[in-house]
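Accompanying notes for the structure given below.
The values are calculated or read from the model by the stated rules, or taken from the named source; none is laboratory data. Please read these numbers as outputs of a predicted model, since none were measured by experiment. Every residue, glycine among them, receives a Cβ derived from its backbone with ideal geometry; neighbour counts consider all protein chains shown. For the accessible areas, the whole protein counts, side chains as well, though only heavy atoms, and no ligand, DNA or RNA atoms are used. Shrake-Rupley method; radii C 1.70, N 1.55, O 1.52, S 1.80 Å.
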Amino acid sequence: MHRRTALGGALTALATAAAGVLVAAAVSTAPAAAAAGAAAGGTGTGYLHTSGNKIVDSTGATVRLTGINWFGMETDNKTFHGLWSSNPWRSQLDTMARLGYNTLRIPYSNDALKSGATATGINDFVNPDLIGLSPLQILDKVIDYAGSKGMRVILDRHRPTSAGQSPLWYTSTVSEATWINDWKMLAQRYAGNTTVIGADLHNEPHAEGTNPAATGACWGCGDTARDWRLAAERAGNAILGVQPNWLIFVEGVSCPSGGLSNVWDNDPSNDEDCGWWGGNLSKAGQFPVRLNVANRLVYSPHEYATSVYRQAWFDDPSYPANMPAIWDKYWGYLYKQNIAPIMMGEFGTTLQDPKDKIWLQNLMAYTGTGVNGMSFTYWSWNPNSGDTGGIANDDWTTINQPKQDILTPYLIPPTGGGGTTSPSPTGTPNTSPAPTTPPPPVTGGCTATYKQINSWAGGFQGELTVKNTGTAAVNPWSATWTWPSGVTLASGWNATVTQSGTTVTAAAPAWASSLAPGASVTVGFTANGTAATPGSVKLNGTAC
């Protein structure tokens, strides 16, 4: 479900579980078959695959995905929300990585993939590098920069159209063929890019209609028009035919029958046990998803707290001791029995109800600690998720610390990514090293102008424009400036920006190494500390 909307109907989640289960009962870590190699930090090396209940990298080292959702591309904006804020998009990704989120789950709708689709809601003053780009081109840039941080990306087909979610993977206007063909296009677009590791095929398949006239997504019913398990096989195998290295993430349903029980008929014998939309994988053991490429399947349930819907189990007298058995039944058994990995694709809460804090603490403990625990992507980074809120506060800059404190012990920060990098016109990060020989001197002079774009408690954003007023090109160019003690670089763009002591260096990117006579370059940055104007600006050692 998209977390900014209500459930849209009662979920008949009538699960009961035996009391007395240990509250912090962590998942047992059944040994993975052939998980050779030491446990890996970050997100591992190369493409990922599965081994028993583990996700492993190309060397066989175990990888735990501890990520976050950044939504918006599935809405009318057709791109990430928060691009309208005063916090640049790179700076937001910097914060996610710094907090320990090593994976980004990106929801999209098929509308955003259409030719001519337009991204809206972008503050072009803060994000000038996104002006005029299509939703897919912005996605390219986010993927490339996330990869430079050592993060991985999972693409999530969240909605057929930006109008809303659907119980089935197709609608009257978006066919199954469109769904599959768009997935194949994305698989081809990012083929060879190991940042993008897989496809979450369709978000939150769920029941619709009242049994026996069910019209929603079932699991194992055999009806090709409604059986989500069979549809996941068709789409997953089509994707693997294009990109055999991707993981295929398959969510559950809500009710295995695909329809809601008639809870008003006073006959509990035919009331089906249902769960969250996308959260019920109770039939996956009996009816597993069968893929043509071995070791690519990851099951991806969703779990939520009372701020989304007050399920019956939250008011059980044994709460929260009843929860591990409920999680076991719906999806945890797949991990405990070493059938497949679990990557909990969405879970979140506003934390307004004390029960929700207990729920989140117990859910995280259930996933297990360390690299052998279950993978997850928290919902969400966005503060504008109506029934959960976000890790980011409404300013899209500061952090909801109570939520972060609960998640932090389970986060494995990304490793292997470079520092601040700048994108090329095609979105490929510039990771080339700074010149090892002194840059050529400027023939003539230079001027420097500074503009403060924004400021907030503990930081600020600025733009430094340096103009070559000399008579010859400067190639490669390098600008330096100084800041007062206590001001530190957070992120930079349009150059490879680094800091040593109080001196900041902006080195020319490979794609724009030359600064012609009369030409200027604008280096953007965010910084921590009290807002300060750059001092002692120089271009290749010449004072401006």
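The table for this structure:
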{"quantity": "Shape category assigned to segment 490-544 from the gyration tensor of Cα positions, a/c cut at 1.5", "calculated": "prolate"}
{"quantity": "5 angstrom amide H check on I412, placed H, neighbours 5+ away", "calculated": "T66, N102"}
{"quantity": "Interchain or long-range residues, amide H under 5 Å from T397's placed H", "calculated": "none"}
{"quantity": "Three-way shape call for segment 77-171 based on the alpha-carbon gyration tensor, with the a/c threshold at 1.5", "calculated": "oblate"}
{"quantity": "Spin-label zone in segment 505-544 - amide nitrogen under 15 Å from a point set 7 Å from the Cα of T471 along the C-beta vector", "calculated": "517-518"}
{"quantity": "Alpha-carbon centroids, segment 92-166 and segment 280-316: separation in whole Å", "calculated": "25 Å"}
{"quantity": "Under the Karplus curve 6.51 cos²θ - 1.76 cosθ + 1.60, θ = phi - 60°, whole-Hz ³J(HN,Hα) for segment 100-107, x wherever Gly or Pro sits", "calculated": "x, 7, 9, 9, 10, 9, 10, x"}
{"quantity": "Sulfur and carbon atoms: percent of accessible area, segment 308-386 [1.4 Å]", "calculated": "52 percent"}
{"quantity": "Environment charge of Q137, counting only residues whose C-beta is closer than 12 Å and scoring Lys/Arg +1, Asp/Glu -1", "calculated": "0"}
{"quantity": "For peptides 446-454, 243-251, sequence by mean Cβ density within 10 Å, most packed first", "calculated": "243-251, 446-454"}
{"quantity": "Amide H contacts under 5 Å for I453, placed H, 5+ residues apart", "calculated": "Q461, G462, E463"}
{"quantity": "Cβ-defined net charge surrounding A512, 15 Å radius [Lys, Arg +1; Asp, Glu -1]", "calculated": "0"}
